Every structure is written in C-alpha cells, then in structure tokens.
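The values are calculated or read from the model by the stated rules, or taken from the named source; none is laboratory data. Remember, it's a predicted structure, so these values are computed and weren't measured experimentally. Cβ atoms come from the backbone with ideal geometry, glycine included; neighbour counts cover every protein chain shown.
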C-alpha cells in the first residue's frame, strides 16, 4: 500500500510502498480517508522535532487522520464506522500511569510515543492499525473534515486548562485573543465563538489585505490585529484588556507579552513550541503584574480522547462556510508536493487516501 | 487612644494619639489585641507601596490583626468574641461586583482600599471599627497568634489558585518548594506539611547556619536549600523536580527560574511583588518548557474571608513549638522601634495593644 514518509537524511516527504498492516487481537484495521498536514509535520520533515521509530530509517508522517473501520477485530468497533485516532501510545507497548488513567497528554517525554511524530509511524498510509482504546467513533458527517478533530482537540485542551486555572473564583470572561492566524488559530477562534461563547474576539496575524485568513477572522465576527502595527502588549491600549489569550504562534516573546495583554484575573494559554532564544524582559514588572492582578500562564501540549470527543462535537457545530474556507486543498497521494506546499493562500490541506462511501 | 502610624514625608513609624472611633450602624467596635509586622509594612513606611487615606497626612499601619469585640453594634458579633479582620474595603464605601460576591481579593487596582496599606487606616490602634462582614470570629485559643491568620490566608489562597490550575487532570503532587524563609515562607511551609500533606518539602534561603529559620525548616522535616549554592533552576538536579513551587521572595528572577524547577505538570505560585528590573532570559526555552510539560505560573495577591477561615483552622493545627519559634517578639506600643526591627534573629514580630482576658 502507499504511504507518505520522511526518510532519514532526506528533507522532504516521499511516497513509499509498504505491506498492509495486519491487526493483532484487540486492534482495529482502519482504511484511511484523509490525513491533515500541519506545522508539526514540517518540523518533523526538517528534522527539528520528533524521532524515527526504533531501528527504522523512515517515519510514516501524519497525525491528523480520519478513516473508516475495515475490520473491528472483535472490538466494539464495526466495519464502516467513521473513526479518528489519537496520537500518543505507550512506548514499547508498556502502559504507564498516564495511559492507565487515560491522560497520556500529561505524560512527560520518554513516557509516550506520538504516531507520525515521536517514535511511531503515523497515519499517512492507505491503512493503519491501532488499539481500539485510541480510536474515537465520529458521526459519518465528519468523514470529510474529521482530520480536523485532532488539531481542534489541542485547542479544546488548552482552553480547558486555562479555564481550570480560573476555577477557584468567579471568572466570567468576555474577551479572548488568539495569537496566530494559522489553522490552529482559526480553529480555536471558531471554537471560542461557537462553543465557548466569547463576546469579543481578536486574532493576531502579520498579513496584508486581501488575505483569506483575515476574511475568515472577520466573517467569524472577530477583530483582526496586525502585530506589525499593534504588538501583543499593546492590545489593551489599542482595543481592550483580554481575559483569555491563546498563543498559537510559537513566537517566544508572545509568551511574555501575553502578561501585559491580559485583563486582571486573566489567563494566557501557551501552545507554541519555540526554539531557544535569549532576550531581555522587564522581569520585575512582569512578575509584579502576574501577582498584583492574579494573572496566570498555562502551557498546554497534546490532548486526550475526551478532548477529541469535545472537538468532534464542536466541529459538528461549526458553520459549513468556515470549514469550506479553512480547508484550502485536498490532494491525492500522487500530489504530495502540492499537499505540503505552504504559501499565503494555503490555510489547511489534507491528503486523501480513499473515498468514503456511506453504508447502505 | 494610641495608634502607630506613618506620617507623610517621615520614613518611620510613630505613635500618634487619636480619638477612639465610634461604630456606625452595622459596624463592630473591636479592642485590638495584637497586630503583626510584615514586609509590606516596611514597603509602606518607606513610601514604596500603598497610599494615604484621601485628605490625610498619615496612615495608621497594620493589616494583620486579632482583637476582641467590645461592642457588637447589633450585628451577629457579641462583646468578648475573638476576631480577625480582613483587609480590603470598597473605596468610598461603594460596593462593586467583587465585594458583592465576596471576592474582593480579585478586585483590580482602584476597586479596593486595603486597611493599613492602600487608602484606609490600618489596625495598629487600641480600638478599630469595621463592617461586620469583614470580620471573622476565631477560637479564643487564637487570641495570642490570631495576627498570623492574615499572612497565612495569603498562603492558603496562593496554594488554592495553584491547585485549581491543575484541576482538569489527575494531579498528585508530592514535592513542594517554598522560595523564601521569611515569615510567609515558613507559614506556607507549615501549611503545606500539616494541612496539604506534601511528602517532601524544600525551603530556599540565603542564610548561614546556625540560623533560627533553618532550624524551623529542618524541624518541620523540610530540606533547607541555600540559594547561594543551589539556584532555583538547579533544584531538580540537586534534589528533585518540584510539583509545587511557592515563590515568596519578590526576587523577580525566581519567577522565571521556577519554570525550570518544576516537574512536568507542575505549577509555580507567585506571591512576591518586585520592582521593575530588566534582565535576559532564554525566553524560547522557558516558553517551550511551559508548553511541552504542561507547566503553569499563577500569580496570587491578597485573600478573602474563606481563606481566613481556612487559615484559622490551619493555625489551630500547627504544633505549638512552631508558633513559639516563629513569633520572635511581641512588643508594647512604647517599644515601636524594637517591634519594627528586622535582623537575622527576627522572624515575626507583633505589637500588643491590650491583653486578652477569657470570658467567665
């Protein structure tokens, strides 16, 4: 079967032919429909993030998948179910306490593999197998866009952690700012509007109009903030102090500028993964500001199956126009280069491995 | 009656004679027993923090009080009740939403006065009056040490906010480090041991042995960490990664070094209030570390009456030796200079305004 993988020492995705996997007991065989492409894939391809499976010289890419069960293998899943897999797996199959309690997203480095990223093959292949516990059934209506469940689950978890940090007092947030107008930023913006019910939304980018992401931001009723004109720390002066800041840029200074952007009792959810970078901060003022206004910064990575569930539900609530405009391209396996192209007209792309045919 | 106040332009506390206050309807008249001295008082005296009441050229000091009700004024309080007052009051008597919901500790600047600190006279006087809603009855056994309820309530709130930030997943913290061996640090250490049940405790200071704070730290079963030898960021290498860091130094670099001291999924509660100070940080690495290990930093200021209640309960649970050794001096009004002295043998002092006599 066809897979899309990155080979050691090559800086680009390639189509490789591999054996179709055989499910073991308790495993489900899934026929892949679509797999999304995202920033982490580019990091993995460039060799900046992730690791190859032990003893292998290639890594099958892809961690945002939707598929159809081909063989339920005696589990609760039946052939024809539309499913989305989670990412993290116990390394060497040894379940640790984080997997035992269904919170693998809280496992530290070394206590998990991530399919398509760290130590385990991903989903960019015609078929994949997985333990049934790492699979979520989603409505057939999500067969086309179900590959967005995984990235949206990342937003769900980040917002959940941030909100939990404000749970020891009455917190009635009204304003939120998403830093970053990539696909994660836009998915988060739609989630904050359609599920979390924020009244006033802002989204930060550095693009000139006309731009498809700015159009989506404004169509969602949010205010576009051009960070070249209005730095993050200036958002309160230019607009208003922000109750929830969701950082999805990976630009390290944003983590610190977020403290200034927050309203009293506000929280910043940090999701980006920057490289080391030394710079000067007014650490005294930032520290004081965190304390005197009860502000918080909360880092968040990965997500667990409950976040996938909430994301699938949220996705079903998003307007059709949003998903249509967010997904700027779906490509066949023979169009790898196009699927992995990333220019100003690209928001979110996916590779299609097979067609979904509704059950009769 | 005698009061201890700071006058405009004078950098030291003075004894002033003032009229004994008359309680209005709904107000309670309290005869003051003891009022603690703490770091905030020194900031106020030096003119670095707080503000004088409108139209006044002096501020009565003191925000850590315990007293006895002299006249309940028709409220639920009766003469003889041992009571502790909270700090924050609605400015100009105008209750805003934070006071309405009993969460004045979450009010931003401008929405509160703080007795003895910001815009309202404190408790260092023979008598004070206060609205009954800002008064907590405590057991008569706390008549001597009830002035510790307020500082301990600050620790209770900080730990509560930090713990809340970890409430969206299973968090079973075992190790905690308190940065700072002042009275707040030591009270927090005792609280983490006797109430929160942490197994392994560390407390940071910069003192040589023999030292009374190090003795208390070790008597509490905690490990003393000399920050001159082991910087905060080196605690994991020297000891272990820490689940909860409680910063009570006001040293701005500690806020950032805390991120490195934390175990995965750990949280740092920031309580100190530093001055502006620019310095270099590896912001990229710190940001990445927060994200990839789901770490959090939570600022915390002030406390509300529920935290006072929890603090009074905690104080009753502390061993007697701890309180005896924490309170290094109780002075009369005629010994102001001694009460406000702060050297290496001083941990916590208080001024005594009257004696408690048990009800018959």
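With the requirement that a residue be in a helix (DSSP H, G or I), more than 24 Å from the chain's Cα centre (by Cα) and buried (at least 24 other Cβ atoms within 10 Å of the Cβ), what does region B:292-328 give you?
Across region B:292-328, there are no qualifying residues.
Enumerate the strands (runs of 3 or more DSSP E) found wholly within region A:59-157, keeping only those where 2 or more residues are at positive phi and crowded, with 17+ Cβ neighbours inside 10 Å.
Fully inside region A:59-157 and qualifying: nothing.
Pull up region B:212-238, narrow it to residues that are in contact with a strand residue (DSSP E or B) (Cβ under 8 Å, 6 or more places away or on another chain) and farther than 26 Å from residue B:347 by Cα, then point me to the one that is surrounded by the fewest Cβ atoms within 10 Å (Cβ to Cβ).
B:238
Going by the conditions given, is residue A:185 closer than 29 Å to residue A:48 by Cα, without any contact (Cβ under 8 Å) to a residue 40 or more places away in the chain and touching a strand residue (DSSP E or B) at 6+ places or on another chain (Cβ under 9 Å)?
So residue A:185 does not fit the description; no.
Against the condition in contact with a strand residue (DSSP E or B) (Cβ under 6 Å, 6 or more places away or on another chain), modelled with pLDDT of 95 or more, closer than 30 Å to residue B:107 by Cβ and part of a helix (DSSP H, G or I), how does residue A:163 come out, does it pass?
It is false that residue A:163 is in contact with a strand residue (DSSP E or B) (Cβ under 6 Å, 6 or more places away or on another chain), modelled with pLDDT of 95 or more, closer than 30 Å to residue B:107 by Cβ and part of a helix (DSSP H, G or I).
Restricting region B:258-305 to residues that are without any contact (Cβ under 8 Å) to a residue 40 or more places away in the chain and more than 7 Å from chain A (Cβ to nearest Cβ), which is nearest to residue A:300 (Cα to Cα)?
B:289
Scan region A:95-110 and give yes if some residue there is in contact (Cβ under 8 Å) with a residue 12 or more places away in the chain and more than 14 Å from chain B (Cβ to nearest Cβ), otherwise no.
Looking through region A:95-110, none of the residues is in contact (Cβ under 8 Å) with a residue 12 or more places away in the chain and more than 14 Å from chain B (Cβ to nearest Cβ).
Test residue B:252 against the stated conditions and say whether it is within 10 Å of chain A (Cβ to nearest Cβ), farther than 30 Å from residue B:101 by Cβ and either touching a strand residue (DSSP E or B) at 6+ places or on another chain (Cβ under 9 Å) or surrounded by fewer than 18 Cβ atoms within 10 Å (Cβ to Cβ) (or both).
Judged against the criteria, residue B:252 is a match.
Among (1) in a loop (DSSP other than H, G, I, E, B); (2) more than 22 Å from residue A:337 (Cα to Cα), there is one condition residue A:48 misses while meeting the rest; what is its number?
(2)
Just one of (1) assigned to a loop (DSSP other than H, G, I, E, B); (2) within 14 Å of chain B (Cβ to nearest Cβ) trips up residue A:221, so point out which.
(2)
Being in a loop (DSSP other than H, G, I, E, B) and more than 10 Å from every other protein chain (Cβ to nearest Cβ) is the requirement here; does residue A:233 meet it?
Spelling it out, it is not the case that residue A:233 is in a loop (DSSP other than H, G, I, E, B) and more than 10 Å from every other protein chain (Cβ to nearest Cβ).
For residue B:240, which of the numbered conditions (1) in contact with a helix residue (DSSP H, G or I) (Cβ under 7 Å, 6 or more places away or on another chain); (2) part of a loop (DSSP other than H, G, I, E, B) fails to hold?
Among (1) in contact with a helix residue (DSSP H, G or I) (Cβ under 7 Å, 6 or more places away or on another chain); (2) part of a loop (DSSP other than H, G, I, E, B), residue B:240 violates only (1).
Scan region B:140-170 residue by residue and report those that are within 14 Å of chain A (Cβ to nearest Cβ) and closer than 17 Å to residue B:302 by Cα.
Scanning region B:140-170 gives B:153, B:154, B:155, B:156, B:157, B:158, B:159, B:160, B:161, B:162, B:163, B:164.
Does residue B:189 satisfy being in contact with a helix residue (DSSP H, G or I) (Cβ under 7 Å, 6 or more places away or on another chain), under 20 Å from residue A:257 (Cα atoms), at pLDDT 95 or above and buried (at least 22 other Cβ atoms within 10 Å of the Cβ)?
No.
For region B:166-175, enumerate the residues that are part of a loop (DSSP other than H, G, I, E, B) and in contact (Cβ under 8 Å) with a residue 40 or more places away in the chain. Spell out how you get there, then give the answer.
Keep residues of region B:166-175 that are part of a loop (DSSP other than H, G, I, E, B), which gives B:166-174.
Passing the criteria: B:166, B:169, B:171, B:173, B:174.
Given the conditions (1) crowded, with 17+ Cβ neighbours inside 10 Å; (2) touching a residue at least 60 places away in the same chain (Cβ under 8 Å), and given that residue A:53 satisfies all but one, which numbered condition is not satisfied?
Here residue A:53 clears every test but (1).
So residue B:331 passes all but one of these: (1) within 14 Å of chain A (Cβ to nearest Cβ); (2) touching a helix residue (DSSP H, G or I) at 6+ places or on another chain (Cβ under 7 Å); (3) without any contact (Cβ under 8 Å) to a residue 40 or more places away in the chain. Which condition number does it fail?
(1)
Hey, could you check region A:192-210 for residues that are assigned to a helix (DSSP H, G or I) and closer than 17 Å to residue A:242 by Cα and say which is nearest to the chain's Cα centre (by Cα)? If you could, list the steps in order and put the result at the bottom.
Looking only at region A:192-210, we keep the residues that are assigned to a helix (DSSP H, G or I), and these are A:192-194.
Narrowing further to those that are closer than 17 Å to residue A:242 by Cα: A:192-193.
Values: A:192: 15, A:193: 17 Å.
Residue satisfying both the conditions and the ranking: A:192.
Of the conditions (1) touching a strand residue (DSSP E or B) at 6+ places or on another chain (Cβ under 7 Å); (2) closer than 27 Å to residue B:241 by Cβ, residue B:326 clears all except one; give me its number.
Failed condition: (2).
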